[in-house]
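The values are calculated or read from the model by the stated rules, or taken from the named source; none is laboratory data. Computed from a predicted structure; not experimentally measured. Here the Cβ positions follow ideal geometry from the backbone for every residue, glycine too, while neighbour counts run over all protein chains shown.
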Amino acid sequence: MSSGGLVAALSGLKSNFIWVGWIGTEIDEEDRPVVKDLLWKNYSCIPVFLEERVANEHYNGFSNGVLWPLFHYLPGDLDYDDQIWNSYVEANEIFSTVVADILKPDDMVWVHDYHMMLFPEILKQKKPEARIGFFLHIPFPSSEIFRVLPCRKEILMGILNCCLIGFHTYDYARHFLKACTRIVGLETAPNGVYFRDRFVQVGVFPVGIDPDKFFESIKTPKVESRIQELKKSFEGSKVLIGIDRLDYIKGIPQKLQAIERLFQKYPEWKGKLVLIQVAVPSRQDVEEYQKLKKEVEELVGRINGLYGSLGYSPIHYLFQSVDSTELTALYNISDAALITSIRDGMNLVAQEYIVCQTDKKGVLILSEFTGAAQSLSGAVMINPWNTEEVADSINNALTMSEEEREEKHQMLLNYVTKHTASHWGLGFVKELYKASHNADKMVSI
Ligand code: GDG
C-alpha cells in the first residue's frame, strides 16, 4: 500500500466497493488476464492497464505537471503541451471503457481526484444512465488562477456530467461555481449548477481519518515498546514532528527556514529541541520534485552544521517512508506537530497527530493554507511564508501551559473523532444516491 492522503482516507472507509484503478506499472498483454483474476479474487479490484508512455504523460505529465501546481496556486510551474493533454484524454477514455463494461443499472460510480476529470463526461457518453459522483482531494483554486489552464472548459465540462461534485471546503466549492459562471457561462446556486437539462449538486465533504485504527495501534506491545525507546533517545529534548510527502506544496523549505530563525532568535533551544522530519519520496520522475529534494537537503545540512554539535543534530531528516508502528510512535512522543503547507486540500497528518496525542497533549501548529485549518480551530495557526511568526509560534507552543494544551487538544479531538473517514465516505455516497434520484426527476419533467 502506498503512502498518501487518498489511500489513508479510502482505507478508513468501511464499506463495500469494487475498486477500479491503474495498476501502477506496465503489464504485458499476455499476463493481463492472470493479473486481473488475481486482483479480483483477492482484493475486489479491477485493474486498468495503460501503456507506459500514456501512463507517464497522463500521471507525471498532465496530472502532476500541470493540474497539481495550478490547483495549488503555482501557475508558473505549468508545463502544458498537446501531447500530455492527449494522453490525459486517452487514459480517461481507457478507464471509462473498463467501467462501462462492468457497470450494472443500479450502480453508482464515485470518481476520485484530478487525474480523472474527463472521465464522467466520457462514461456518460457510453452509459447515459450512469450515476456519477466526483470528489476533488486537492484545492479548487480561485477562478482567476483556474482560467490560466488552456483546456479549462473541457475540464469543467468533464465533471459537470456528474450528479454530485464534492470538495473539502466551502471556499473550494465557491471557486468552482464561480469558474462555471465565468468560463462556461452557467447559472449557479449556492449548492449547485444548472448544466444542460439538469441540476448538478455541489457539496462540501471534509475528509477524515479512521481514529480507531490509531487508538488500537497505540495500545499494541510493538508500538508501546517503540514509544518507550524513542522517549529514551530524546530524553531532555522537546520533539517537533513533520510528516510530509516530499512535495513543494508541503512547505518543507519554509519549515526549515523557520527552525533556523528559531535557533537564531531563541538560542536557548540549542541542544534542547529536535525536529524529526519524515519526507516520503514522491513523484521523483518530475523535475520540480528533484529540485526540491536538493534544496531541502542543503537546508538540513546548513542548519545541522550551524546549530548542531558532535552529540547533537537539531534536524533528523528521513528521506524515506516509515512503517505504521514508527509513524504512530513518532506522533505519540512529539511535543508539537509542524505543518507548513503553502496549499493543501485538507492534510490528514494534522488529524492523525491529534488522535495519537494520548499522553502529552501536544500542540498542533498548522498552516492557514490547509483545508484542515477551516475546521481545526484548536490549532495554532500560522502563515508559513512569515518565518518570524512561525519561529515565534514554535517557541510559544513549546512553552504553553498544560491547561491551555489540554483545552486545545480536547477541542481538536472532539472534531476528529466525529468527522471520520467513514462519516465522510458514507455522507458522500448517501448524498450521491439522493442527487442521482433528483436528477432523474428533473430529466423526466
Ligand atoms: C492528498 C491531498 C488531502 C505519510 N508519510 C508516511 C505515511 N504518510 C501518510 C500519512 C497520511 C498521508 O500519508 C498523507 O496525507 P495528507 O492528507 O497529509 O497529504 P497528501 O498525500 O498530499 O493527500 C491532501 C488528502 O489527499 C486526502 O483527501 O488531505 O490535502 O494533498 O495518512 O499518515 N504513512 C506511512 N509512512 C510514512 O512514512 N505509513
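To keep it simple, each residue is scored yes or no on (1) within 16 Å of the ligand (Cβ to nearest atom); (2) part of a loop (DSSP other than H, G, I, E, B).
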| site | (1), (2) |
| --- | --- |
| Q290 | no, no |
| L299 | no, no |
| R302 | no, no |
| Y317 | yes, no |
| K361 | no, yes |
**OP:** Working only within segment 126-155, note down all residues that are in a loop (DSSP other than H, G, I, E, B) and hydrophobic (A, V, I, L, M, F, W, C).
**Re:** A130, L136, I138, F140, V148, L149, C151
Original post:
Applying the selection to segment 85-113, what residues are surrounded by 20 or more Cβ atoms within 10 Å (Cβ to Cβ) and of a type in the set (F, W, Y)?
Top reply: Y88, F95
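Test V280 against the stated conditions and say whether it is modelled with pLDDT of 95 or more, touching a Lys or Arg at 6+ places or on another chain (Cβ under 9 Å) and within 30 Å of G65 (Cα to Cα). Let's see the steps before the verdict.
Details: modelled with pLDDT of 95 or more: yes; touching a Lys or Arg at 6+ places or on another chain (Cβ under 9 Å): yes; within 30 Å of G65 (Cα to Cα): yes.
So V280 passes the test.
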Original post:
Taking segment 184-203 as the search range and keeping residues that are farther than 17 Å from I155 by Cα and more than 29 Å from the chain's Cα centre (by Cα), which one is modelled with the lowest pLDDT?
Top reply: D197
**OP:** Scan segment 319-330 and report the pairs whose first residue is closer than 12 Å to I276 by Cα and modelled with pLDDT of 95 or more and whose second residue is near the ligand (Cβ under 7 Å from one of its atoms) and part of a helix (DSSP H, G or I), with Cβ atoms within less than 9 Å and a gap of 6+ or a chain change.
**Re:** L327/E352
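Restricting to segment 199-226, count the residues that are within 26 Å of E144 (Cα to Cα) and not small (G, A, S). Before you say what the answer is, go through the steps one by one.
Filtering segment 199-226 for residues within 26 Å of E144 (Cα to Cα) gives 199-207.
Pick out the ones that are also not small (G, A, S) and you get 199-202, 204-207.
Number of matching residues: 8.
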Original post:
Any idea how many residues of segment 277-288 are assigned to a strand (DSSP E or B) and closer than 30 Å to Y80 by Cβ?
Top reply: 2
Original post:
Which one is nearest to the ligand (Cβ to nearest atom) among residues in segment 236-269 that are without any contact (Cβ under 8 Å) to a residue 60 or more places away in the chain and either surrounded by 17 or more Cβ atoms within 10 Å (Cβ to Cβ) or farther than 17 Å from S393 by Cα (or both)?
Top reply: D247
Original post:
When F176 is evaluated against the numbered criteria (1) closer than 20 Å to Y73 by Cα; (2) buried (at least 19 other Cβ atoms within 10 Å of the Cβ); (3) out of contact with any strand residue (DSSP E or B) (no Cβ under 8 Å at 6 or more places or on another chain), which criterion, by number, is the only one it fails?
Top reply: (3)
Original post:
Out of E403, E389, which single residue is without any contact (Cβ under 8 Å) to a residue 12 or more places away in the chain, within 30 Å of P253 (Cβ to Cβ), out of contact with any Ser or Thr (no Cβ under 8 Å at 6 or more places or on another chain) and assigned to a helix (DSSP H, G or I)?
Top reply: E389
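Given L275, L306, which one is more than 13 Å from the ligand (Cβ to nearest atom) and surrounded by fewer than 21 Cβ atoms within 10 Å (Cβ to Cβ)?
Values: L275 fails: surrounded by fewer than 21 Cβ atoms within 10 Å (Cβ to Cβ).
Every option except L306 fails the conditions.
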**OP:** Determine the pairs where a residue that is within 21 Å of Y353 (Cα to Cα), located within segment 187-216, has a partner that is of a type in the set (D, E, K, R) and loosely packed, with under 15 Cβ neighbours inside 10 Å with Cβ atoms under 6 Å apart, the partner being 6 or more residues away or on another chain.
**Re:** none
Original post:
In segment 410-423, which residues are touching a helix residue (DSSP H, G or I) at 6+ places or on another chain (Cβ under 7 Å) and not in a loop (DSSP other than H, G, I, E, B)?
Top reply: L412, L413, V416, T417, A421
